[in-house]
Amino acid sequence: MKTVLVTGGAGFIGSHTCVELLNEGYDLVVVDNLCNSDACALDRVQEISGRTLDFVRADIRDSAALNDIFSRYSINAVVHFAGLKAVGESVAEPLKYFDNNVNGTVVLLQAMQRHEVFNIVFSSSATVYGDPASLPIKEDFPLAAVNPYGRTKLIIEQILFDLGKSDSRWQSVLLRYFNPVGAHPSGLIGEDPNDIPNNLMPFIAQVAIGRLQELSIYGGDYATPDGTGVRDYIHVVDLAKGHLAALSHIVQTPGTVAYNLGTGQGYSVLEMVKAFAAAADKPVPYKIVARRPGDAAQCYADPALAAEKLGWRAELGLERMMEDTWRWQSQNPQGYRQ
Ligand code: NAD
Ligand code: WQD
């Protein structure tokens, strides 16, 4: 398991995972088309880790480019982050999502099969649980997609289950992320959305730095303690370490297995706003508006299976999530575009 191909390694979660993989001694090849990231993130990854990685700017749908990578390097495993992730955009442009995410993964898996690389860790999402009937969410809960983005994750999961059944050499770990937030403690890498953020945490951070005026809180009348939505926010460094655990586990476990990567602890939007304002020592102006269509009131993981089987659990609490996000945002007010 020495050499790992990381797809989408220049992105938010990919860049943090590259740091942890390099620190652990893996050799890395990153493939990314930079459609939602900046190559500068990979320079910073190398700065933080004091190690180098090889970067190939290519699209995972480019079969020839992938063949070239698998021919040139002796890849042992793939950690597959590359994908589009904006829920609203996926509703407006479903074909873009099915092509990029599903077709992209099929082209990647074909290249892997051709070169006899059968180990993959896949970035799945808690979105595959749809609107869960009860909480906390366990891995054997029924799966349902509530938007095209979620459907791409579900289809890719099913492809990996089918592959595992077709050939016992395939070993896939599906990591179902809850709500990744935070940044590397160096402040050198973090989340840098291209447009106005869709997600809560980067939105709050951009309000605090003055790029956005005010947060709209989507709904104050949910059946939650303070009426605002509750989610399982997980520090991206904890999440990154979950991939190390998955890679060590993959060699021992044939077939396809899914794990929740979450903390098991839910926080409301108002709790997040308050905690961020305290860490940044800045007010975060907000107003409560109508609910966002498709949002569940609450969503949090049962992380017990990952603890039992992978020996992984999240360690960083809310305060660190906020401090690290603020360090990244205040040191890089415009993200990677300085
Ligand atoms: P991101 O957009 O920051 O990173 C994705 C990376 O993939 C980007 O660098 C992008 O340029 C690259 N990419 C996209 N399509 C590509 C293609 N066709 N070929 C090559 N590169 C391509 O997103 P992220 O937050 O780091 O998410 C990483 C993965 O985790 C995604 O698959 C996402 O769906 C999944 N995920 C994210 C979250 C979240 O809230 N951030 C939650 C659950 C799952
Ligand atoms: C969190 C909470 C909002 C923005 C999404 C995807 C999911 C996964 C993670 C990839 C909710 C509230 C948000 C804002 C707000 N991604 N909110 N004002 O919706 O839990 O999950 O990202 O797989 O698939 O659906 O995350 O950060 O958008 O929202 O009040 O401007 O913050 O209503 O309660 P979500 P989020």
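Rolling a 1.4 angstrom probe over region 208-338 with all protein chains present gives an accessible area of which 49% lies on carbon and sulfur atoms. Residue by residue, region 236-251 carries 3J(HN,Hα) couplings of 4, 6, 4, 4, 4, 5, x, 6, 5, 4, 5, 5, 6, 6, 4, 5 Hz when phi is fed to the Karplus relation 6.51 cos²θ - 1.76 cosθ + 1.60 (θ = phi - 60°); x denotes Gly or Pro. Using a Debye calculation, one point per C-alpha and no hydration shell, please list log10 I(q)/I(0) for region 294-337 at q = 0.29, 0.33 Å⁻¹ in order. Values returned for q = 0.29, 0.33 Å⁻¹ are -0.94, -1.06. In the context of the full set of protein chains, region 96-180 has a per residue accessible area of 39 Å² (1.4 Å probe). Each semi-axis of the equivalent ellipsoid for region 1-109 is √(5λ) with λ an eigenvalue of the Cα gyration tensor; in descending order they amount to 24, 17, 11 Å.
With θ taken as phi - 60° and the Karplus curve 6.51 cos²θ - 1.76 cosθ + 1.60 applied, the whole-hertz 3J(HN,Hα) list for region 162-173 is 4, 4, x, 6, 7, 7, 5, 6, 6, 10, 10, 10 Hz, x standing for glycine and proline.
Amide H contacts of residue 301 (H built 1.01 Å from N, in plane; Pro and chain starts excluded): 137, 263, 264, 265 sit under 5 Å, all sequence-distant by 5 or more or on other chains.
Counting only DSSP beta bridges with both residues in the chain, the antiparallel share comes to about 5 percent. For the chain, adding -39500 (n - 2.57) for each run of n ≥ 4 DSSP H residues and dividing by the number of residues yields -11000 deg cm²/dmol at 222 nm. A quarter of the convex hull surface defined by the alpha-carbon atoms of region 172-261 gives 8.3 nm² as the mean projection. Equivalent-ellipsoid semi-axes for the chain (Cα gyration tensor, √(5λ), whole Å, largest first): 31, 23, 18.
Here residue 138 is the anchor, and the lysines within straight C-alpha reach of less than 23 Å, apart from those fewer than 8 places off in the same chain, are 85, 153, 165, 241, 309. Taking the alpha carbon gyration tensor of region 1-56, multiplying each eigenvalue by 5 and rooting it gives semi-axes of 16, 12, 9 Å, largest first.
The angle between the Cα long axis of helix 12-23 and the main principal axis of the chain comes to about 60°, on a 0 to 90 degree scale. Report, to two decimal places, the Cα Rg of region 182-338 normalised by 2.2 N^0.38 Å (N = number of residues). Dividing the Cα radius of gyration by 2.2 N^0.38 Å gives 1.12.
To put it simply, the accessible area of region 1-130 at a 1.4 Å probe is 47 percent carbon and sulfur.
Taken over the Cα atoms of region 250-317, the convex hull encloses 124 Å³ per residue. Note on region 106-209: Cα convex hull, mean projected area over all directions, 9.5 nm². Hydrodynamic radius of region 42-166 by the Kirkwood approach over all distinct alpha-carbon pairs: 16.2 Å.
The smallest convex shape that holds all Cα atoms of region 91-161, its convex hull, gives 83 Å³ per residue.
For the chain, the longest principal axis of the C-alpha atoms and the axis of helix 269-280 are separated by about 90°.
The values are calculated or read from the model by the stated rules, or taken from the named source; none is laboratory data. Values in this document were obtained by computation on a predicted structure and should not be read as measured data. Ligands, DNA and RNA are stripped out before the accessible areas are found, and what is left, the full protein with its side chains, is counted by its heavy atoms. Shrake-Rupley method; radii C 1.70, N 1.55, O 1.52, S 1.80 Å.
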